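Notes for the one structure printed next.
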Amino acid sequence: MKKTLKELAEYLGGKVIGDETAEVSGLAGLDEAREGQITFLANPKYAGKVAATGATAVVLPPGAERHGKNAIECANPYLAFAKLLTLFHVRTPAPRGVMEGAFVSSTATIGTDVTIYPGAFVGERVTLGERVTLHPGVVLYDDVIIGDDVTIHANVSVRERCRIGSRVIIHCGVVIGSDGFGYAPDGPRNYKIPQIGIVVIEEDVEIGANTTIDRAALQVTRIRRGTKIDNLVQIAHNCEIGEDCIIVSQAGVAGSAKLGKHVTLAGQVAVAGHLTIGDNSMVGGKSGVPGNLPANSMVSGIPAFNHKDWLKASIVFPKLPELRKTVSLLEKRVRELEEKQTVSS
Amino acid sequence: MKKTLKELAEYLGGKVIGDETAEVSGLAGLDEAREGQITFLANPKYAGKVAATGATAVVLPPGAERHGKNAIECANPYLAFAKLLTLFHVRTPAPRGVMEGAFVSSTATIGTDVTIYPGAFVGERVTLGERVTLHPGVVLYDDVIIGDDVTIHANVSVRERCRIGSRVIIHCGVVIGSDGFGYAPDGPRNYKIPQIGIVVIEEDVEIGANTTIDRAALQVTRIRRGTKIDNLVQIAHNCEIGEDCIIVSQAGVAGSAKLGKHVTLAGQVAVAGHLTIGDNSMVGGKSGVPGNLPANSMVSGIPAFNHKDWLKASIVFPKLPELRKTVSLLEKRVRELEEKQTVSS
Amino acid sequence: MKKTLKELAEYLGGKVIGDETAEVSGLAGLDEAREGQITFLANPKYAGKVAATGATAVVLPPGAERHGKNAIECANPYLAFAKLLTLFHVRTPAPRGVMEGAFVSSTATIGTDVTIYPGAFVGERVTLGERVTLHPGVVLYDDVIIGDDVTIHANVSVRERCRIGSRVIIHCGVVIGSDGFGYAPDGPRNYKIPQIGIVVIEEDVEIGANTTIDRAALQVTRIRRGTKIDNLVQIAHNCEIGEDCIIVSQAGVAGSAKLGKHVTLAGQVAVAGHLTIGDNSMVGGKSGVPGNLPANSMVSGIPAFNHKDWLKASIVFPKLPELRKTVSLLEKRVRELEEKQTVSS
């Protein structure tokens, strides 16, 4: 596929400086790019490399020196790089329909241009939108509803009545709608509380491999539009995850927690149950959040507190044995001072 | 389904106060419940809402004010709530037998009233009890033994010779009986120690989505009766988990650890190998248990120690920089005192 | 199967002392072993048990007292134990070919003596080596390449173009080649960066149940020869894991991290992105590695530092409230000393 710089500038929402009829057919890094390719300058540190690149054109932030190269000025060259990768490297395969060896219930409603691979299972009264792909081993229990342009990778399980919005991507091995972990104590034993709610995944969400999202006890566990969840994450029953959150691998969110918009949980974070995290908050890696956080919080630690304060405290921690020794010596010295003073008075 | 209060009181082991012929057909919260429904008061904080509820009847703890409503007195209204949910909302679907597209070995022994979905696989000499459900993508390796009334959700794998007791529920994506992680150093390399033991899951256990339980090296990894395990938990080889334990999401138990009865591991806990945790112990979220714990322990921290002490130490931790500064100033002041004293003496 | 001590000594690379024609047909522990079995002394602590064992022969370290028993001297009796377990207990089943109910693309290339179970799926242009076993529910996307003597357990997913070396063992539920977690900020939203690289798993690697290994953004996520990975581990995109590493359960390695040879990550460790861990390093359980580590490091803590120093600091941590109280008292006493001195001067 060849594209002129003019076409690319339109696609990227940028502006050509130089020959807008020049054509490129792929992208590569500043060092590797050759004639016929486009490259990009995302980090000002590498501005000097623009002069030496073999690329036909460079995506640059506005005002950056182009060293006589053809350039496309874009406000966000890193985003432009991602968009060019999509343009040149992502191909939607032709739909293959319901393939032989797929199990599709006669009561399911299937949109046009779907691909259902052998070994996928579609239960009773399931609804699939258009251009949905179900890879082998996908299991949709009864009454699941799937939007348009959804890709569900191999060996994913979606339990009964859960709903998946349009353009959602679910990676291999994910489990959506498993029973929440709820028991009523019955003497020393535990009586299972039926989990009769569902999970709703809104549009444009992406869910990483082997992540688990439990159905609500009574109502809805909800993942809002645009949120991205990494691998091996646990979202417990009744949680509500706001729009455009980033939840990194192996993080866990306990039952009934509510995350605002644009919250970031770094890797292996734990969020306790029944709390609220305000919009735009960030939780540092391996931290444990025990209580509510206001918007724009930035916390770390177990239990978590202000991130900068945590950094400072963490620097002192290795010196605790030394600090304790100093304090012991001080006690001795103060005692001696006190004794001498008593003697002298 | 309609039930009289008399029938419900018998089912719950409670006592009707008011009209025992009154009928209800569902349950709801104090605020939401309407005529024809039953509600419950689990938290004394909400006792005042009983007067205003629209419910036909209320489940109450003994002695609570019923404000003239029909009531069922139960020692444990929260448990009653769970039992009513089960009664009104959980339906056992009719068994569907071995469905077309299921792979069942001719040497397997299958109980009556099972449901084996398309895409499930039952290996050689497997034994299934009565009323077992195997969802699509369940793989039972050779010689697996499954008790009665067991539900195994989609895409679960159970390796050869493992045994699952009656009334066990296994959620989607669980792996039971994978090889324990054992190697003998062979110079810089690692030689695999064959894992020839098995996993035994006793009755009434529930296992959360994508949890993994490894087979023993030589003998048995055992999960005892009634234990409930959440999602993404790791139980390593040779572990023995006692009866009625609660193991919350993303916790991990290392090889050969033994948990007593009624132990609670909160989320993301780690338990080291070859240790013993006594009955009724609780380990706080994200903690790491490095050694044996006596019965009734309550610990937190990495490494874990007494929970209350951990709370107190955690309050000081953020103040470490300040504490160190105070100590530095004290050193200076003591030095000055010492110098003056030397001068004055 | 019966073996003479002579045959076993050759297999183990050891030396018979006693009757080299004596035959054994199995192995057991020092206490349990009986006539016709071989046992082993791996821990010098149990040397006294050799005299009393009922075994026909004992594997011993060179120079250990054999109490008149037939013995095989081996430099590493624990390794010998593992090798004897393999010899007596591991049977390779006869290959069963492509079984009915397996889905194998007509464009796939399949080696000799494979076993492909019902419900396994082999995509377009996949290459399988010789003696490969694919259990039910294994999904190999298009263009995957698998070496010889590879075992892939049930419900594993391998995404397009990934490559698996010879003698690799992949346990149930593993996901290889899922998209790396990469987004370009686009205002408050996140734009998916296509992940067009692959995963390469080299020879003799073993990967535990439900572990996830993401494909690189552009190039290769690589697991080098001989590395052993436990269950529920996360390896992010672009990582490079050196030879003969040991990565214990629920550990996570963030994007673009590089581990040298023979690195050990204990359970629930987190390694930050874009860093390097030198050869032979060990990271203690639940630790978080924030930056580069030189070879032979031994660290613990969040953030991690020298392991021995961490042990010492961890002993002081529970005493922080007491330490703070001591410091407060010292402040008071020093103030009093200062005041008296002012008065007396």
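For a straight C-alpha distance cut-off of 12 angstrom, the aspartates and glutamates reachable from C:K340 (same-chain residues fewer than eight places away being disregarded) are A:E338. Measuring between their Cα centroids, region B:186-235 and region B:19-45 lie 43 Å from each other.
Seen through its C-alpha gyration tensor, with square-root eigenvalues sorted a ≥ b ≥ c, region C:3-89 comes out rounded because a/c lies under 1.5. Based on C-alpha pairs under 8 angstrom that are at least 6 apart in sequence, chain A has a relative contact order of 6 percent. In a Debye calculation with equal point scatterers on the alpha-carbon sites of region B:220-345 and no solvent, what is log10 I(q)/I(0) at q = 0.18, 0.20, 0.21, 0.23 Å⁻¹? The calculated log intensity ratios at q = 0.18, 0.20, 0.21, 0.23 Å⁻¹ are -0.86, -1.00, -1.08, -1.24. If both residues of a DSSP beta bridge must be in region C:3-89, then about 40% of such bridges are antiparallel. Where does the longest stretch of chain B lie that holds no trypsin sites (Lys or Arg not before Pro) found in a DSSP loop with 11 or fewer other Cβ atoms within 10 Å? Between the exposed loop sites, the longest stretch runs B:92-345.
Among residues other than A:D149 with Cβ under 12 Å from its Cβ, the summed charge is -3 (Lys and Arg +1, Asp and Glu -1).
In nanometers and ordered shortest first, the copy-to-copy spacing of the C:E7 label point, defined 7 Å from Cα toward Cβ, is 7.0, 7.0. Taking every alpha-carbon pair in region C:298-343 and binning the separations at 5 Å intervals from zero gives 6, 19, 14, 13, 11, 10, 9, 8, 6, 3, 0 percent.
What the Cα convex hull of region B:97-308 gives, in volume per residue, is 102 Å³.
Close amide H partners of C:I110, meaning residues 5 or more places away or on another chain with modelled amide H under 5 Å apart, are C:L128. Counting only lysines at least 8 places from B:K228 when in the same chain, those with an alpha carbon closer than 17 Å to its own are A:K192, B:K258, B:K261.
Translational diffusion of region A:157-253, estimated by Stokes-Einstein from the Kirkwood radius over alpha carbon pairs at 10 °C in a medium of 1.306 mPa s, is 119 µm² per second.
So what is the relative contact order of region A:1-85, in percent, for Cα pairs below 8 Å that sit 6 or more residues apart? List each step's numbers first, then the result.
On the way: 178 pairs, mean separation 23.8, N = 85.
Relative contact order, region A:1-85: 28 percent.
Remark on C:G97: its backbone amide H falls under 5 Å from those of C:V114, C:T115, C:I116, a criterion applied only to residues 5 or more positions apart or on other chains, H modelled at 1.01 Å from N. Looking at the protein assembly as shown alone, DSSP beta bridges between its own residues are antiparallel in about 15 percent of cases. When the P(r) is computed for the protein assembly as shown, the part past 44 Å accounts for 41% of the Cα-Cα pairs. Give the shape of region A:202-246 as rounded, prolate or oblate, defined through the alpha-carbon gyration tensor: a ≥ b ≥ c are the square roots of its eigenvalues, a/c under 1.5 means rounded, and otherwise the shape is prolate if a/b is larger than b/c and oblate if not. Taking the square roots of the gyration eigenvalues as a ≥ b ≥ c, region A:202-246 is oblate. Short-range pairs are left out: with C-alpha atoms under 8 Å and at least six residues apart, the relative contact order of region B:86-201 is 16 percent.
Restricting to lysine pairs 8 or more places apart or on different chains, what number in region A:3-89 have Cα atoms under 16 Å apart? Taking the Cα cut-off of 16 Å, the pair count is 8. Panel order for A:V139, A:V289, by other beta carbons found within 10 Å of each beta carbon, from fewest to most: A:V289, A:V139. Excluding same-chain neighbours fewer than eight residues apart, the lysines reachable from A:K286 by a Cα-Cα span under 18 Å are A:K308, A:K312, B:K286, C:K286.
Comparing mean-square fluctuations of B:V126, B:V269, B:V90 from a GNM of chain B with C-alpha springs under 10 Å, the top value falls on B:V90. Once you sort the root eigenvalues of the Cα gyration tensor of region C:76-188 as a ≥ b ≥ c, which label holds: rounded (a/c under 1.5), prolate (a/b larger than b/c) or oblate (the other case)? Cα axes put region C:76-188 in the oblate bin.
Would you tally the net charge around B:S297, using a Cβ to Cβ cut-off of less than 13 Å, leaving B:S297 out, and scoring K and R as +1, D and E as -1? Counting the neighbours of B:S297, the net charge comes to -1. Each residue of region A:10-18 is assigned a 3J(HN,Hα), and the resulting list reads 5, 4, 8, x, x, 9, 7, 10, x Hz, derived from the Karplus form 6.51 cos²θ - 1.76 cosθ + 1.60 (θ = phi - 60°), x at Gly and Pro.
Every number here is computed from the coordinates shown, using simple stated rules; none is lab data. Keep in mind that what you see is a predicted model, and the values were worked out from it rather than measured. Quick reminder, even Gly has a Cβ in these numbers, built from the backbone with ideal geometry, and neighbours come from all protein chains shown.
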